[in-house]
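Read the structure below first, then the notes.
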Amino acid sequence: MKKNLILILSFFSLLFISCEKEPIPANIETLVFGKIYDSTNDIPIVNEKVKLAEFSTQGTFAGTNYIFKGYIDSTTTDMNGNFILPFNTTGNGNKYSIQLDYTENVHIPNLEEFIQDENVGGQEEFIFEALKLYPIDLRIITTDNISQEINIYKQFPERQIAPIPPSSQNSVRRIWADKNVENAINFQIRENSSTLNYNIVIPLNNTTELYEFEVEINSADFQ
C-alpha cells in the first residue's frame, strides 16, 4: 500500500514538473511603450511609475501558477503621459508584465498588463485608461455620543477610509474623489448583530483644489 502511494505521488510530481514552461533565453531585446491618460478630464497622467515584472509559469490542475522572479527595470511617464521601457530578457522567466503602482490620487482600473508571448523580441504598446482624483477633507461632527466605531466607505473608487473611533466629536478624513460627479459616502456602525447605515452625497463641485465638506451625524441617523 505504501509503495503504491509513493508511486502515485511520484507520478503526479512528474506530471507537475512536465507542465513547467522553459525560460525564455537571455538577452532578447524587447521594447514596451505606451501611455497613461485620463480621457474623462483630457489630461495625461504625469510621473506615474511603470515597472517591468518577470515571472516563471507552472501548469497546475487549477490552471497556471505565476511565480514572481523580480522586477527587471522601471521608468516614469513624461509630461504627456508617455513611457518607453526597453529591456533584455534575463533567462530566468518566461512571462513579463507591465505593472503600475497604486496611488490615492489616480484611479487606474487595471494596474497590470501582460506582454504577449509573440511580442517578446519585438515591441508592444500599452494604453492605460486612468481617472485623476482630487482631494476633499471630509469633516465629520457627531452631535451626540456614538459609542461605536464608525466605518466609512467611499463609493468611487470604492474604498474603505480610516474609521472614526468611538465617542469622537470632530474628525477629519482626507478622501480622493472624481470632481465630475456627486460622491456617495456610506457610514456604518455595528449594533448588536446588525449593521446600521447612514448615507450622504457630496454634491458636484468640479474643483481641482482641496476643500472641506462638513457633515453632522447623529446616532438617530443610522438605520
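Where a number appears in this text, it was derived from the coordinates with a stated rule and is not lab data. Worth saying up front: this structure is predicted, and the values here are computed from it rather than measured. For neighbour counting, all protein chains shown are included, and Cβ atoms are generated from backbone atoms with ideal geometry for every residue, glycine included.
The magnitude of the dipole of segment 85-223, with charges of +1 and -1 set on the Cβ of Lys/Arg and Asp/Glu and taken from the Cα centre, is near 340 debye.
Rounded to the nearest 10 degrees, the inclination of helix 2-18 to the longest alpha-carbon principal axis of the chain is 80 degrees. Once you order the gyration tensor axes a ≥ b ≥ c over the Cα atoms, which shape class does the chain get: rounded for a/c under 1.5, otherwise prolate or oblate by comparing a/b with b/c? Here the chain falls in the oblate category.
Among DSSP beta bridges lying fully in the chain, give the percent that are antiparallel, nearest 5.
Around 80 percent of the beta bridges assigned by DSSP in the chain are antiparallel ones.
Over the chain, dividing the summed -39,500 (n - 2.57) contributions of all DSSP H runs of at least 4 residues by the number of residues returns a 222 nm mean residue ellipticity of -2500 deg cm²/dmol.
For segment 22-36, backbone nitrogen atoms closer than 12 Å to the point 7 Å from residue 57 Cα along Cα-to-C-beta are found at 22-24.
Each of 25, 88, 44 was placed along the dipole of segment 21-132 (beta-carbon charges, centred on the mean Cα), and the one lying farthest toward the positive end is 25.
From the alpha carbon centroid of segment 99-161 to that of segment 40-59 is 14 Å.
For residue 212 and residue 137, the difference between the fully extended length at 0.36 nm per residue and the C-alpha to C-alpha distance is 26.5 nm. Each Cα pair under 8 Å and six or more residues apart adds its separation to the average, and for the chain the resulting relative contact order is 18 percent.
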